[in-house]
Amino acid sequence: MSVLRACNITRRFKGLTALDDVSMELEPGRIYGFVGNNGAGKTTFMRILCGLIQPDEGTLELFGCIGKDLQEAREKVGALIEQPIGYPEMSARQNLRALSLLCRNASFRQADELIEMVGLGRAAKKALKDYSTGMRQRYGLAAAMLGMPELLVLDEPLSGIDVEGMDEITDLLKKVVAGRGVTVLLSSHQLARLEQIATDYIFIDDGKVIRKADADTIKKETADRGSMEDYFRRLTGGARFD
């Protein structure tokens, strides 16, 4: 059974089309690199997937559930979209423990383990308001992983993280996928990092999905023809990747 089936999703804001007839299917245990420029529609799609906004047209099926059953299905989804949510005056550990009380299959012990897994052990007692951008991203990833979700939706999780931190986060995602068969939908402007972990790619431009393929196919198409950014420019007719 597919983790996600999105069919002909369209979303408009004040007359502007953010998503235009978007369809995609996510299979279990895969890491999908979601690639597109700023404003291409990635975050809008992720927000729809998580139930934060509704599409104007189209249907969404999540773990085989549609319609009213989507709310229950979304309990199997962990997400980091835009800014991590938390109480600024509380520490990362306090925030995660508070979130664990609201999350199915979560516990204080799991919250503490995730703090260590994302590399915040030494800063676990530090107030969230004093965290750097990279530290907040690590906290947000830990929050997304509470409750052992089957689908992780991660919007630019590597933003603001140094090279060593990127190594740690990408290794962690690989382990989570290999160990529990989790599916990951991951947007990032760090294309070199995506090439290290993505099993599949979904390219989106101006609200439309323009290419879907597995990583091996993309590697063959980019071989001896420049970087992934060059490949993106060819797909979009010369648009610069930003």
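The set of residues in segment 100-122 that are in a helix (DSSP H, G or I) and under 21 Å from residue 161 (Cβ atoms) comprises 111, 113, 114, 115, 116, 117, 121, 122. Being part of a loop (DSSP other than H, G, I, E, B) and more than 21 Å from residue 79 (Cβ to Cβ) is a description that applies to residue 125. If the condition is being more than 14 Å from the chain's Cα centre (by Cα), in a loop (DSSP other than H, G, I, E, B), modelled with pLDDT under 90 and of a type in the set (Gly, Ala, Ser), then segment 133-168 contributes only 160.
Out of the residues in segment 218-233 that are assigned to a helix (DSSP H, G or I) and either in contact with an Asp or Glu (Cβ under 9 Å, 6 or more places away or on another chain) or at pLDDT below 80 (or both), which is surrounded by the most Cβ atoms within 10 Å (Cβ to Cβ)? Going through the qualifying residues, I end up with 232. Residues considered: 18, 40. Of these, the only one that is under 30 Å from residue 216 (Cβ atoms), crowded, with 19+ Cβ neighbours inside 10 Å and not hydroxyl-bearing (Ser, Thr, Tyr) is 40.
The residues of segment 124-135 include none that are surrounded by 20 or more Cβ atoms within 10 Å (Cβ to Cβ) and among the basic types (Lys, Arg). Of the residues screened, residue 40 is not one that is small (Gly, Ala, Ser) and either modelled with pLDDT of 95 or more or over 22 Å from residue 195 (Cβ atoms) (or both).
Restricting attention to segment 67-95, the residues being surrounded by fewer than 15 Cβ atoms within 10 Å (Cβ to Cβ), over 21 Å from the mean Cα position of the chain (by Cα) and not aromatic (Phe, Trp, Tyr) number 5.
The values are calculated or read from the model by the stated rules, or taken from the named source; none is laboratory data. All figures in this text were calculated on a predicted structure; none of them were measured in a lab. Cβ atoms come from the backbone with ideal geometry, glycine included; neighbour counts cover every protein chain shown.
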